[in-house]
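The values are calculated or read from the model by the stated rules, or taken from the named source; none is laboratory data. Worth saying up front: this structure is predicted, and the values here are computed from it rather than measured. Quick reminder, even Gly has a Cβ in these numbers, built from the backbone with ideal geometry, and neighbours come from all protein chains shown.
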């Protein structure tokens, strides 16, 4: 029968075969070297140091430059919202607001595309993104959405300004209004789908 007693400091009266450490906060969030010293514990493993091979950064820095991509993000969101506003104005009989919204949508998406293509370096790179459709890639889905939204927004604006082909204009207005919210919002998923932790 054992005569050892269990206390908060450990087992009294027992003789382990090696020096056992009791009360070590394994896996605790405050297990840093400084806090271990405050509790009078021995450091068995050195603190982790985050570094990479050859002193290189762990992730590559972003390659895009301002104002191209930030401008595209802002103008794309503005254009998508303007298309929805233009469709609502057309449906409620406000032709002046509808015309201004559709022209604003076309102007903002055009300027945004200029910034995007300028960041890519040449227009053919945007066309190359349309060679495949990858649903798991926000950039691929966004490229296809832009390819459909731009012509729809342009047709809606031209028919509103000229007053001709109203039937075609109505279809284009509806198409731009359906794709517009996606154009405004997909850049959020695009920004989060990155290796830069702070962008999440």
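The residue that is surrounded by the fewest Cβ atoms within 10 Å (Cβ to Cβ), among those in the range 164-190 that are part of a helix (DSSP H, G or I) and free of Cβ contacts under 8 Å to residues at least 24 places away in the same chain, is 167.
Filter the range 149-163 for residues that are touching a helix residue (DSSP H, G or I) at 6+ places or on another chain (Cβ under 7 Å) and surrounded by fewer than 16 Cβ atoms within 10 Å (Cβ to Cβ) and give the result. The one that is touching a helix residue (DSSP H, G or I) at 6+ places or on another chain (Cβ under 7 Å) and surrounded by fewer than 16 Cβ atoms within 10 Å (Cβ to Cβ): 161. Which residues, taken from the range 34-58, are outside any loop (DSSP other than H, G, I, E, B) and at pLDDT below 70? Once the filter is applied, which keeps residues that are outside any loop (DSSP other than H, G, I, E, B) and at pLDDT below 70, the range 34-58 yields 34, 35, 36, 37, 38. Checking the range 130-138 against the condition returns a match, with at least one residue being in contact with a helix residue (DSSP H, G or I) (Cβ under 8 Å, 6 or more places away or on another chain), in a helix (DSSP H, G or I) and under 20 Å from residue 63 (Cα atoms). Has the range 137-145 got any residue that is within 18 Å of residue 68 (Cα to Cα) and surrounded by fewer than 16 Cβ atoms within 10 Å (Cβ to Cβ)? Yes, the range 137-145 contains a residue that is within 18 Å of residue 68 (Cα to Cα) and surrounded by fewer than 16 Cβ atoms within 10 Å (Cβ to Cβ).
Number of residues in the range 90-110 that are at pLDDT 90 or above, surrounded by fewer than 20 Cβ atoms within 10 Å (Cβ to Cβ) and touching a helix residue (DSSP H, G or I) at 6+ places or on another chain (Cβ under 6 Å): the value is 3.
Can residue 61 be described as surrounded by fewer than 16 Cβ atoms within 10 Å (Cβ to Cβ), free of Cβ contacts under 8 Å to residues at least 40 places away in the same chain, farther than 21 Å from residue 183 by Cα and out of contact with any helix residue (DSSP H, G or I) (no Cβ under 6 Å at 6 or more places or on another chain)? Here the answer is yes, as residue 61 does meet what is asked. Total residues in the range 74-89 satisfying the condition of being surrounded by fewer than 18 Cβ atoms within 10 Å (Cβ to Cβ) and farther than 16 Å from residue 175 by Cβ: the figure is 1.
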